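Asker: I'd like to ask some things about the structure below.
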């Protein structure tokens, strides 16, 4: 009886408006925003490349196989997010430092167990493989104040390129993991081995993607850190070995220039003896600066 | 020895360039184009909404469950593509008609078996449920020339909202499917029942998404068609019933205005008797126009 009924049917031109409008009644405004934006960008992609029906079918098949490769000990969609740089982007935009604190990088999939509590100076290399290395550093706040009793959680792959959780039958439990507490000057130190580069799991769909695009699956040598202290923002990061292969082509884009350190050989018999290390040995120094936790006004 | 080495490490600003550059050695230029564009749009989405780590984790979990819901008889990623309008967009950009031929719409997941060959006038409703309906039409070329012996493949859900392949134990094999050949005037006709609206499978992750966004899972009443003739471009489409619920909110965005037809009740005892139908009965008329196949110059 009134004016003509206006129906917005789907068309190439109106596609993302029509689909976006279907989410208008979403109770959660954030979910509505996420889906509306996702649809717009996804449709823009399809239009930009003029996606063919065959390519769409291959994408459906790839995503299906990616989901079906996941299990209790394998997360292939995280790997996909990693090799497309999405994980690093999410990590980076959620931990902007403003250049005043240690930069973050990806957590990675191997922090699935609690690190064993260890004493400063302990050796985390339980399998004895690799080049001995003294790792040390200091945790401070933004004004250089030492953070006493800060937690420093570290983990790394062994000489063969695997984390302990990947080789429960071959590595001692807790190999190359440790949870330390900084001393009265905010310092930490422990014995380990020089980290090695290693490949991400590449026997699934993501490995096929890397293969089809001429990309290798390697990550440059690194040691994982989570540093945390009450009243400060924790940081999840790595320290990278300066002369490692793949430093400029990390399969998951985790490298930031500020996180690269030289691992020097030291010839100092007295220092070696003090730390129960063979002489010569290697050293890796990594200081971490944490931002203060934001105090919200009431 | 030369100038300083230039390394492009990841940063928020350079993210899509750095990741895009990782695909520079992709042997297939089309794959390189697809991935570079995908990364750009995906990163733009993450930046536009400032995706949180928690939301990223929920997305990883959703995609994983979507992949794991897929089986031989269920394709949850196609459903996801459908409810985000991606399937319709791909269909539409790959079958632009220029307004001169019958518009296409999605194939859907239920054309998984060959339709049984039937004679003009046959009844495809083998279970006898529903409101009897005479379906007829004409297949022509762009200048109105009748396409004699064109294939007309049709399939629809039954009165309960299921296709035969969804209910192998409840419906006769080939129920509501038929492959017809047009007569010497390009005409086809057969007996069926008035199509009904029905829900897409909504007991998986995609159903949860619809639920969380206040969307229903229904498709308006429709009858699927594939029309094909030698020398012409085949068309995959539906005809929609004009007064069906959900016509303006199809869960998969398949409706195009040009594909909607009235399904009128006819009171004509002579015509009913001629077609072996009870009187009164319903009629649905759908003419299809195919484009000529493009002839490529040598």
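The values are calculated or read from the model by the stated rules, or taken from the named source; none is laboratory data. The model shown is predicted, which means the values in this text are computed figures rather than measured ones. Cβ placement follows ideal geometry from the backbone for every residue including glycine, while neighbour counts extend to all protein chains displayed.
Asker: Name the pairs: first residue in the stretch A:162-177 and under 14 Å from residue A:125 (Cβ atoms), second residue at pLDDT below 90 and surrounded by fewer than 18 Cβ atoms within 10 Å (Cβ to Cβ), Cβ to Cβ under 7 Å, at least 6 apart or on different chains?
Answerer: A:163/A:110
Asker: Going through the stretch B:190-214 one residue at a time, which ones are within 14 Å of chain A (Cβ to nearest Cβ) and either touching a strand residue (DSSP E or B) at 6+ places or on another chain (Cβ under 9 Å) or surrounded by 18 or more Cβ atoms within 10 Å (Cβ to Cβ) (or both)? Don't jump to the end; show me each part of the working.
Answerer: Going through the stretch B:190-214, the residues within 14 Å of chain A (Cβ to nearest Cβ) turn out to be B:200, B:204-206, B:208-214.
Result: B:200, B:204, B:205, B:206, B:209, B:210, B:213.
Asker: Can you name the condition, by its number, that residue A:80 falls short on among (1) at the interface with another protein chain (Cβ under 8 Å from one of its Cβ atoms); (2) crowded, with 21+ Cβ neighbours inside 10 Å; (3) modelled with pLDDT of 95 or more?
Answerer: (1)
Asker: So residue A:111 passes all but one of these: (1) within 14 Å of chain B (Cβ to nearest Cβ); (2) in contact (Cβ under 8 Å) with a residue 40 or more places away in the chain; (3) crowded, with 17+ Cβ neighbours inside 10 Å. Which condition number does it fail?
Answerer: Only one criterion in (1) within 14 Å of chain B (Cβ to nearest Cβ); (2) in contact (Cβ under 8 Å) with a residue 40 or more places away in the chain; (3) crowded, with 17+ Cβ neighbours inside 10 Å is unmet by residue A:111, namely (3).
Asker: Tally time: how many residues in the stretch B:239-293 are more than 21 Å from the chain's Cα centre (by Cα), free of Cβ contacts under 8 Å to residues at least 24 places away in the same chain and assigned to a loop (DSSP other than H, G, I, E, B)?
Answerer: Total meeting the criteria: 4.
Asker: Please find, within the stretch A:60-77, the residue that is nearest to the other protein chains (Cβ to nearest Cβ) out of those that are surrounded by fewer than 21 Cβ atoms within 10 Å (Cβ to Cβ) and part of a loop (DSSP other than H, G, I, E, B).
Answerer: A:75
Asker: Right, another one. Filter the stretch B:99-108 down to residues that are modelled with pLDDT of 85 or more and away from every other protein chain (no Cβ under 14 Å) and give me whichever is farthest from residue B:178 (Cα to Cα).
Answerer: Among those that are modelled with pLDDT of 85 or more and away from every other protein chain (no Cβ under 14 Å), it is B:101.
Asker: For residues that are more than 7 Å from chain A (Cβ to nearest Cβ) and not in a helix (DSSP H, G or I), scanning just the stretch B:12-24, find the one that is farthest from residue B:48 (Cα to Cα). Quick ask: steps written out before the conclusion?
Answerer: First pass over the stretch B:12-24, keeping only residues more than 7 Å from chain A (Cβ to nearest Cβ): B:13-14, B:16-17, B:20-21, B:24.
Adding the requirement that they be not in a helix (DSSP H, G or I) leaves B:13-14, B:24.
Numbers: B:13: 13, B:14: 15, B:24: 26 Å.
My answer is B:24.
Asker: Which ones in the stretch B:241-257 are within 13 Å of another protein chain (Cβ to nearest Cβ), surrounded by fewer than 18 Cβ atoms within 10 Å (Cβ to Cβ) and under 20 Å from residue B:82 (Cα atoms)?
Answerer: Matches in the stretch B:241-257: B:248, B:249, B:257.
Asker: Sticking with this one: For the stretch B:89-103, how many residues are in contact with a helix residue (DSSP H, G or I) (Cβ under 7 Å, 6 or more places away or on another chain) and either in a loop (DSSP other than H, G, I, E, B) or assigned by TED's automatic domain parsing to the domain that holds residue B:233 (or both)?
Answerer: Of the residues in that region, 1 qualify.
Asker: Restricting attention to the stretch B:34-48, does a residue exist that is modelled with pLDDT of 95 or more, under 22 Å from residue A:216 (Cα atoms) and either more than 7 Å from chain A (Cβ to nearest Cβ) or touching a strand residue (DSSP E or B) at 6+ places or on another chain (Cβ under 7 Å) (or both)?
Answerer: yes
Asker: Among the numbered criteria (1) closer than 30 Å to residue B:67 by Cα; (2) within 25 Å of the chain's Cα centre (by Cα); (3) at the interface with chain B (Cβ under 8 Å from one of its Cβ atoms), which one does residue A:96 miss?
Answerer: For residue A:96, the exception is condition (1).
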